[in-house]
1. With the condition being under 12 Å from the mean Cα position of the chain (by Cα), I'd like the helices (runs of 4 or more DSSP H) fully within the range 1-52 carrying at least 1 qualifying residues.
2. For the range 1-24, which positions are over 23 Å from residue 42 (Cα atoms) and either modelled with pLDDT under 85 or exposed (fewer than 13 other Cβ atoms within 10 Å of the Cβ) (or both)?
3. Anything in the range 41-60 that is modelled with pLDDT of 85 or more and surrounded by 10 or more Cβ atoms within 10 Å (Cβ to Cβ)? List them, or say none.
4. Look at the range 30-53 and say how many of its residues are over 30 Å from residue 19 (Cβ atoms) and either in contact with a Lys or Arg (Cβ under 7 Å, 6 or more places away or on another chain) or hydrophobic (A, V, I, L, M, F, W, C) (or both).
Amino acid sequence: MATQAQSMGSVKDIQAHLRHAKADTTANEYMQELPESVKRMVGEVYAMLTKGGESQESLQHLPQKAANSSEGPAVSI
């Protein structure tokens, strides 16, 4: 939560929300820098999941048999 909120408020705002005694705890332990490539990847995965299927681009990385298969993985009990 703190990582996502860093563009929405100050460290002091996030510290108060998380009830940390020290802002250093919030900044050093709970906030991380996210590279733009990671943000883009997460957004693409979210879009794929909310559409209810895989994008054509992600299917290109699968072997042809797996990409055409409509069966789920075999489960043994």
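1. Working: elements: 2-5, 11-18, 36-51.
Once the helices (runs of 4 or more DSSP H) in the range 1-52 are filtered for at least 1 residues that are under 12 Å from the mean Cα position of the chain (by Cα), what remains is 2-5, 36-51.
2. Correct list: 10, 12, 19, 21, 22, 24.
3. Correct list: 41, 42, 43, 44, 45, 46, 47, 48, 49.
4. Number satisfying all stated conditions: 5.
The values are calculated or read from the model by the stated rules, or taken from the named source; none is laboratory data. This one's a predicted model, so the numbers in the text were calculated from it and none came from an experiment. A quick note on method: Cβ atoms are made from the backbone with ideal geometry, for glycine too, and the neighbour counts reach across all protein chains shown.
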